[in-house]
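Derivation of every value follows stated rules applied to the coordinates shown; laboratory data play no part. Remember, predicted model here, so these are calculated numbers, not experimental data. For neighbour counting, all protein chains shown are included, and Cβ atoms are generated from backbone atoms with ideal geometry for every residue, glycine included.
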Amino acid sequence: MKHTLAVLVENKPGVLARVSGLFSRRGFNIESLAVGTTEDLTVSRMTIVVAGDDRVLAQVTSQLGKLIDVISISDLPPDESVDRGLALIKVAADTETRSEIMQIADIFRAKIIDVGAETLIVEVTGDQAKIVAITDMLDRFGIRELVRTGRIAMSRGTKMITGGNI
Amino acid sequence: MTDTSISGAKALIACLRNEGVDTIFGYPGGVLLPLYDELYDSDIRHILVRHEQGAAHAADGYARATGKVGVCLATSGPGATNLVTGIANAYMDSVPIVAITGQVPTPMIGNDAFQEADITGITLPITKHNYLIKNINDLPWVVKEAFYIASTGRPGPVLIDLPKDITTEEFEFEYPKRVYLRGYHPDIAVDNDRVKRAASMIRESKRPVIYAGGGVIISNAASELLKLAETIMAPVTTTLLGIGAFPGTHQLALGMPGMHGTKYANYAIQESDLLITVGARFDDRVTGKIDAFAPHAKVIHIDIDPAEIGKNIRVDLPIIGNAGPVMQSLGSHLQGMQTRSQEWLAKIAAWKKEQPLQYNRSENVIKPQQVVQEFYDACPDAIIVTEVGQNQMWAAQYFKFESPRTFITSGGLGTMGYGFPAAMGAKVGCPNKTVIDIAGDGSFQMMSQELATVAKNDIKVIVAILNNGNLGMVRQWQQLFFDERYSYTNIADSVDFVKLAEAYGLIGIRVDEPSGISSAISEALAADRTVVIDFVVDPMENVFPMVPAGAAINEILDLEVAS
């Protein structure tokens, strides 16, 4: 079972080390972690995807809550939130395959952001399933390099997770 | 710079004065020169230790004995790393200390400068929080926050790393009046609904047991515990760190549970139908085999730290909060309740009578348990500090502690060498109390250099070495579980402890016969300086009862006692 946590933290040096160190020493597995600033410059937001049952989730949440620099922790259930990741995929492409790859990219609403003599770079944004799907489709052309961001997520509708409302 | 600006070093002293700090245990070094120059004129008492680990343990002992925040100070690099064991020890036992370390000047950080160590990185997992001050304007609020964080909620150590250039820079100093931390809210209101549910569970219970830990002492809630226990007529077992939270001579006292607990405490837990846990954390030394722990009991868990709930054991009713107010509220809901525990208390009384703590007495060789008992007879109000191992367990078993903060021991980390410097810190914090370090010959040798500190600072403690010439607890396990293959546990004749004490200008006494115990204790109590008593005890004496590691806590080994 995977859980996506939105964690608001003080935008201070060392806070990423505090959070990642906690996960490693307590034996929790981070599947994905993304961090960046928010609408409030003193607050950073981490989106952490963690695997584990409810007991693990409770431990992760309460241990994170003990970190002084952690302001709030919210669990984002999949049906009440949206999540996105971004991938850059460098695919082998010659004159014969180039147009087919571009068609696939088009279907996935991905962008070609670089064209070389022997490769293309595809930029795709989407949820986990979409990125896996396009990766599978491009696999047979030969993926030369792949880089992905961690996932970021947000609640649907009017529910807000901001530094100001705690 | 204006006329009113002061240096970082001066400001730090001012911050400490504002926090009510009267004592610092420390050791100087290169990057601390500006700070020590200010300390020279300060009215804060600085106790110069002989090893920084001693400073950390002394601050810890001071904090546990007084309830105040202990402060230790060390220079950068090796000074700071020498504090690490003491900080880890304080973290495991939730002790409020503030550790201040010098650091190389900010422009040199990260360059592997002389005596540089990344102490905030190193102590990340063993501090409640830590700080590296990179801007002098941060210094006042960092110190304010550090003391607040260390002493509130579940207490713990906080480290402040202070680069040398920050101590010499000047700025307009103003001490903040309050702390604003949006991610830290230690004041938790009592959850009345849960307290009511706990009260009804208690009313229905026929075989309740209160399992009280160090949280009761931290919360200064011994009187609330006594009142609750007497209201509901439930027996009380106190963990190693909870000893003193409940009067040891009270008819409802069960003593310590777990690996070396009393048989009746363990039997009571195993047959209980309701375990009322207060400020304890189901440590593996208490629970034994976790699946077989308290199999018939519903569990109420009162703790200030939400992360302790469900960490080791399933809990039927968690109550997050401060032990004192929660127990007070619980007690008020249960005023005048009709207890259903008479039969249960009779059963426990029978266990206590039939299966007490016991050892084979001797007229020829000193039994360590007898030494502890004679100390109890001579000075029942003393603060007892221990080292780690057999000495610690015998002290926990055979001294009857009546009040909180009188038993000080390294529980979670199990740090050999803790006792003597912690005793020193306790004595500094409580100068009118008798302070005794129940020691082993192994543990004492890990921090015996602090004899110089107690000698030079006129700190009087009694070090009672239960000298069995062995690393006794490990030797015991080798005897019981490793076919008596005593691999590197014999340390007999390491040193003449009497001469060692005398070498520091202190008093050494050797006792090798049971008849000499009480006169040695009297002499030590009457002495005007620290006394080291070398009790030459039975080298093969074991700590019993004993639950082997991994067994259920009612699967108990005990010795045959000659009638």
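Each label was represented as a point 7 Å from its Cα along the Cα-to-Cβ direction; for residue B:314 and residue B:114 these points are 6.2 nm apart.
Taken along the Cα-to-beta-carbon direction at a fixed 7 Å, the label points for residue A:139 and residue A:113 span 2.4 nm.
Only Cα pairs under 8 Å and 6+ residues apart enter the sum, and on that basis the relative contact order of the stretch B:412-563 stands at 22 percent. Each residue in B:415, A:4 was given a count of other beta-carbon atoms within 10 angstrom of its own, and listing them fewest first yields A:4, B:415. Can you tell me the FRET efficiency between residue B:525 and residue A:58 if r is taken as the Cβ-Cβ distance and R0 is 56 Å, rounded to the nearest 0.05? Once the sixth-power term is evaluated, E becomes 0.65. Mean per-residue shielding of peptide A:56-62 is 3, counting Cβ atoms of other chains within 10 Å of each Cβ. For residue B:232, what is the net charge nearby, where nearby means another residue's Cβ is under 11 Å from its Cβ and Lys, Arg count +1, Asp, Glu -1? That sum, taken over residues with Cβ under 11 Å, equals +2. For the stretch B:268-306 versus the stretch B:463-513, the inter-centroid distance based on Cα atoms is 35 Å.
Among the lysines of the stretch B:313-442, pairs that are 8 or more positions apart or on different chains and have alpha carbons within less than 18 Å of each other number 4. For chain B, DSSP calls about 5 percent of its internal beta bridges antiparallel. Amide hydrogen proximity for residue B:366: with H placed 1.01 Å from N in the peptide plane, the residues at 5 or more positions away or on another chain lying under 5 Å are B:538.
Near the amide H of residue B:47, within less than 5 Å, lie the amide hydrogens of B:24, B:25, B:26, all on another chain or at least 5 residues away, with H placed in the peptide plane. On the basis of the beta-carbon distance and an R0 of 41 Å, residue A:99 and residue A:148 show a calculated FRET efficiency of 0.95. Applying the criteria of a DSSP loop state and at most 16 other Cβ atoms within 10 Å to the trypsin sites (Lys or Arg not before Pro) of the stretch B:188-264 yields B:206. The string of couplings for the stretch B:261-266 from the Karplus curve (6.51, -1.76, 1.60, θ = phi - 60°) is x, 6, 4, 5, 5, 5 Hz, one whole number per residue in order, with x for Gly and Pro. Rounded to the nearest whole Hz, the Karplus-based 3J(HN,Hα) values (6.51 cos²θ - 1.76 cosθ + 1.60, θ = phi - 60°) of the stretch A:152-159 follow the sequence 10, 9, 8, 5, 6, x, 8, 5, with x at glycine and proline. Amide H contacts for residue B:302 (H built 1.01 Å from N in the peptide plane; partners 5 or more residues away or on another chain; cut-off under 5 Å): B:277, B:278, B:279, B:319. As a length-normalised measure over Cα pairs under 8 Å and 6 or more apart, the relative contact order of chain A settles at 28 percent. The calculated FRET efficiency for residue B:180 paired with residue B:512, based on their beta-carbon distance and R0 = 45 Å, is about 0.15.
Phi angles of the stretch B:215-224 translate, via the Karplus equation with coefficients 6.51, -1.76, 1.60 and θ = phi - 60°, into HN-Hα couplings of x, 5, 6, 4, 7, 6, 10, 4, 5, 5 Hz per residue; Gly and Pro are given as x. A straight chain from residue B:477 to residue B:41 at 0.36 nm per residue would run longer than the Cα-Cα distance by 151.7 nm. If you find the alpha carbon centre of the stretch B:179-235 and of the stretch B:104-158, how far apart are they in angstrom? Result: 34 Å between the Cα centres. Based on the Stokes-Einstein relation at 10 °C and a viscosity of 1.306 mPa s, and on the Kirkwood radius from alpha carbon pairs, chain B is assigned a translational diffusion coefficient of 65 µm²/s.
Note on the stretch A:124-157 and the stretch B:323-356: Cα centroid distance 61 Å, given to the nearest whole angstrom.
Sequence-distant contacts, meaning Cα pairs under 8 Å at least 6 residues apart, place the relative contact order of chain B at 14 percent.
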